[in-house]
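Below is one structure, written out as C-alpha cells; the observations come after it.
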Amino acid sequence: MKHLLLLCLMVAAPFVRASKITLQKPMDVYSGKYVMTVNGNTGYIQITPKDDHLVLLETWTGDKYNLKHLSGDNFIMEIRGWAVQFNRDKKGAVVSVEVMRKDLWTKVK
C-alpha cells in the first residue's frame, strides 16, 4: 500500500503546478479604519499591527496607544488599562472593536 501511494506521488508530482500562497500575519486581521458617531460628532481610529502588538491611532488628536494581546480577540490598551475587544461576523471577519465595553467602533476599511 505504501509503495502504491509513493508511486502515485512520483507520477503526479511533475504535473502539479506550484501556486503562490500568501500567508497573513495574525495581527493583520485587526488592521483598518474604524468609525463611531456620538452626539452628531464622527470620529475615526486607525489600527495597525506592529511587531507583536497593535497600535491604535486617534485620528483627531494624533495620539497613539499600544494594544497588548491578551487572548483570542481581547487586548488591553497599555497606558490606560482599557479593555479592547474585537468582534467578528459569522464568517470570522473582524467587523468592529469595543473599547471599555461601551464604545463600539465599526470597521470601514
Regarding Thr22, is this residue among the hydroxyl-bearing types (Ser, Thr, Tyr) and modelled with pLDDT of 95 or more?
no
Return the residues of the range 88-105 that are out of contact with any strand residue (DSSP E or B) (no Cβ under 8 Å at 6 or more places or on another chain) and hydrophobic (A, V, I, L, M, F, W, C); say none if nothing qualifies.
Ala93
Which of the residues belonging to the range 48-80 are closer than 16 Å to Val94 by Cβ, of a type in the set (Ser, Thr, Tyr) and surrounded by 13 or more Cβ atoms within 10 Å (Cβ to Cβ)?
Thr48
I need every pair where a residue in the range 56-71 that is basic (Lys, Arg) has its Cβ under 9 Å from the Cβ of a residue that is not in a strand (DSSP E or B), sequence separation at least 6 or different chains.
Lys68/Asp52; Lys68/Glu78
Of the residues in the range 27-45, those that are within 18 Å of His69 (Cβ to Cβ) and assigned to a strand (DSSP E or B) come to Gly32, Tyr34, Ile45
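Among the candidates Tyr34, Tyr30, which residue alone is in contact (Cβ under 8 Å) with a residue 60 or more places away in the chain, of a type outside the set (Val, Ile, Thr) and in contact with a Pro (Cβ under 9 Å, 6 or more places away or on another chain)?
None of the others qualify; the one that does is Tyr30.
Is it the case, given these coordinates, that Val108 is touching a strand residue (DSSP E or B) at 6+ places or on another chain (Cβ under 7 Å) and aliphatic (A, V, I, L, M)?
Details: touching a strand residue (DSSP E or B) at 6+ places or on another chain (Cβ under 7 Å): yes; aliphatic (A, V, I, L, M): yes.
Against the criterion (touching a strand residue (DSSP E or B) at 6+ places or on another chain (Cβ under 7 Å) and aliphatic (A, V, I, L, M)), Val108 qualifies.
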Between residues in the range 81-101 that are in contact (Cβ under 8 Å) with a residue 24 or more places away in the chain and residues that are of a type in the set (A, V, I, L, M) and surrounded by 14 or more Cβ atoms within 10 Å (Cβ to Cβ), which pairs lie under 6 Å by C-beta distance while being six or more apart or on different chains?
Val84/Leu67; Val84/Met77; Val84/Val99; Phe86/Val94; Phe86/Val97; Val94/Val29
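The values are calculated or read from the model by the stated rules, or taken from the named source; none is laboratory data. These figures come from a predicted structure and were not determined experimentally. Ideal geometry is used to build each Cβ from the backbone, glycine not excepted, and the neighbour counts take in all protein chains shown.
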